[in-house]
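Contents: one structure, followed by commentary.
The values are calculated or read from the model by the stated rules, or taken from the named source; none is laboratory data. Please read these numbers as outputs of a predicted model, since none were measured by experiment. So basically every Cβ, Gly included, is an ideal-geometry build from the backbone, and we count neighbours across all protein chains shown. Keep in mind that these areas ignore ligands, DNA and RNA; they rest on the heavy atoms of the full protein, side chains included. Shrake-Rupley method; radii C 1.70, N 1.55, O 1.52, S 1.80 Å.
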Amino acid sequence: MKKYQELAAKQTAFFHTGKTKDLSFRLEALQKLRMSIKKNEKQLMEALRADLNKSEFDAYSAEIGFVLEELRFAIKNLNSWVKPQRVKTPITHIGSQSYIYSEPFGVALIIAPWNYPFQLAVAPLIGAIAAGNCAVIKPSELTPVTSKALGELISKQFPDEFIAVVEGGVETSQALLNEKFDYIFFTGSVTVGKIIMEAAAKNLTPVTLELGGKSPCIVHEDANIKLAAKRIAWGKFTNAGQTCIAPDYLYLHQSIKDEFLQQFEETIQELYGAVPLSNPDFTHIVSERHFNRLASFLDNGQIAIGGRTKPESFMIEPTVLTDITWDTPVMQDEIFGPILPVLEYENLLEVIQGIHQHPKPLALYIFTENSGVHQQVLNSVSFGGGCINDTVYHFVSPYLPFGGVGNSGVGSYHGKGSFDTFSHKKSVLKQTTRFDIPFRYPNVKNGLKKIKMFMK
Ligand code: NAD
């Protein structure tokens, strides 16, 4: 569409003025973003309540507060991140110096999903700005109030030749993908991730794909059951399970299964009340389609905990299903809701083999007091990232780059990882002109012999 072509051209022209590369320009933009988020905190909270019934606590801790922390971290460290990094020079290059420059790609397209509609649009933007890029953001159409609030916040602070929010659905996303961008950062489903990569391939545009999948959560026989139950319930039922790194299913050791489930039920009541469907702060399912998709799993296996729904407000209470196998429908795809199926195991090898037969997960969690056990899992299973004796918490550390592997994604971000993701690493050799080592030239006497002394 012509207007997106114009937008991309406008941003490219602005990028070529060189303004966005200036360190003070980047810092000022990050500060402005931070201040306007703080100023609009109430409006953002209301938007998240309207779209997903997110409580103020969830809206702040998982979206607004998280983004403010990422901003603070970037503002504090950007001065050192932007410096060219001096690296070693081999003896064959004597006389020269070697540097790695971080340069912005240019114009970045950021496509975001609906589950953390503010955070997942703004966290990549922080990396794009910090690295000196311009950016077009396409937020999700399923959370229109938040997408609109984001659009207003950005357009008040920044000219659209620098940062623009384009609201719209699949067609908008596809129309944007028809334009040439210098970087595409996509967060969403595996299916759409493949479409994005295909579109990017046409222009050889580099991509980050933050996707999803089925993330296992293993509770071993020696785990601290009470703490495991609490940390798993929190990670799973926050945002009603609509979290890309929520535990998708449990692998429970047979010997602790009953004790764990009893503890889990008590924990759910502690965290969400005796009747979670009446809890005014329990997040709703985003749409009728997703509600119906999730409700269809409620007859899988046996309901061990929960199982009730409130269709008029798209609510499903925290639910645990037992008598589940890998062939049960609920195990065929990422669940993305407050339903937790349980697989049982006797031997850790069954767990490892079970996970190996499926795509590499975005996250993995293992609860055990035995370092040999967690080491065995870390050594044998590939996954994006995860926790030992916790769930989800790795996501919020700026020191741990976050991303998937294989089907769960390509690339990573957060903290300096976001700056690096949006920067091309340009390697430069600064050669001396004071002398010229002759070995590389073909006319040197005994050249081959000499070169073999250095290259062996
Ligand atoms: P989605 O893939 O349906 O949509 C994501 C974005 O892509 C939206 O902005 C949408 O408008 C756009 N889009 C949808 N279909 C498209 C198409 N055919 N062509 C071009 N663009 C298209 O994902 P969703 O339902 O919004 O989000 C849920 C998924 O996102 C889950 O799979 C979840 O695991 C994943 N996710 C991953 C992360 C992560 O950080 N790895 C975070 C949150 C969500």
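List of remarks:
- DSSP beta bridge pairing in the chain, given as percent antiparallel to the nearest 5: 35
- Normalising the average separation of contacting C-alpha pairs (under 8 angstrom, six or more residues apart) by the number of residues puts the relative contact order of the chain at 18 percent.
- The calculated Kirkwood hydrodynamic radius for the chain is 23.9 Å, given to one decimal from all distinct C-alpha pairs.
- Normalising the average separation of contacting C-alpha pairs (under 8 angstrom, six or more residues apart) by the number of residues puts the relative contact order of segment 356-456 at 20 percent.
- Between VAL396 and ASN77, the simple label model (points 7 Å from Cα in the Cβ direction) yields a spacing of 1.8 nm.
- Among 428-439, 44-55, 358-369, 189-200, the order from most to least packed when residues are scored by Cβ within 10 Å on average: 358-369, 44-55, 189-200, 428-439
- Averaged over its residues, segment 400-449 has an accessible area of 62 Å² per residue, based on protein heavy atoms and a 1.4 Å probe.
- R0 of 60 Å, Cβ-Cβ distance GLN302-TYR441: FRET efficiency to nearest 0.05: 0.15
- Cα-based reach from LYS76 at 17 Å (exclusive), listing aspartates and glutamates while leaving out same-chain residues under 8 positions away: ASP22, GLU28, ASP420
- Of all accessible heavy-atom area on the chain, the percent that carbon and sulfur account for (1.4 Å): 53
- On full extension, the segment bounded by LYS226 and LYS39 gains 63.3 nm, given 0.36 nm per residue less the C-alpha separation.
- Here the extension length gained between SER61 and LYS449 equals 133.2 nm, from 0.36 nm per residue of separation less the Cα-Cα distance.
- Over 23 Å (Cα to Cα) - which of LYS10/LYS180; LYS19/LYS42; LYS38/LYS180 fall in this group: LYS19/LYS42; LYS38/LYS180
- Relative pair counts by distance (%), Cα atoms of segment 1-58, 5 Å bins: 4, 16, 12, 13, 13, 15, 16, 10, 2
- The Cα center of segment 161-238 and the Cα center of segment 399-431 differ in position by 16 Å.
- Helix-only [θ]222 nm of the chain, DSSP H runs n ≥ 4, -39500 (n - 2.57) each, per residue, nearest 500: -12000 deg cm²/dmol
- Between the residues THR283, LEU294, GLY169, the greatest Cα displacement towards the positive end of the dipole of the chain, with unit charges on the Cβ of Lys, Arg, Asp and Glu, is found for GLY169.
- For segment 284-361, alpha-carbon Rg over 2.2 N^0.38 Å: 1.19
- Using the average count of surrounding beta-carbon atoms within 10 Å as a protection proxy, the listed peptides 73-82, 317-326 rank, highest first, as 317-326, 73-82.
- Radius of gyration and Dmax over the Cα atoms of segment 315-421, both given in Å: 15.3, 45
- Relative contact order (%) - segment 219-331, alpha-carbon pairs under 8 angstrom, separation at least six: 23
- Amide H partners (placed H, <5 Å) of ILE110, local residues excluded: VAL136, ILE137, LYS138, PHE185
- Dipole of the chain [Lys/Arg +1, Asp/Glu -1 at C-beta], most positive-end residue of GLY354, PHE118, ALA50: PHE118
- Candidate lysines - alpha carbon under 17 Å from LYS310, same-chain residues fewer than 8 apart omitted: LYS54
- log10 of Debye I(q)/I(0), alpha-carbon scatterers only, for segment 184-274 at 0.13, 0.19, 0.26 Å⁻¹: -0.57, -0.84, -1.25
- Near ALA223, the amide H atoms lying under 5 Å from its own belong to GLU369; only residues 5 or more places off or on other chains count, and H is placed 1.01 Å from N.
- Within the chain, the whole DSSP H helices whose Cα atoms reach 18 Å or more along their own axis and whose mean Kyte-Doolittle score is at least 0.5 are 190-202.
- Site pair HIS93 and GLN353 shows an inter-label distance of 5.0 nm when each label is modelled 7 Å from Cα along Cα→Cβ.
- Size descriptor, Kirkwood hydrodynamic radius, that averages inverse alpha-carbon separations across segment 1-154, Å: 17.1
- Point-charge dipole on Cβ atoms (K/R +1, D/E -1) for the chain, about Cα centre, debye to 20: 3500
- The H on the amide N of LEU364, modeled in the peptide plane, is under 5 Å from the matching H of GLY385, GLY386, CYS387, each at least 5 residues off or on a different chain.
- Think of a 1.4 Å ball rolled over the protein heavy atoms: segment 26-88 then has 53 Å² of accessible area per residue.
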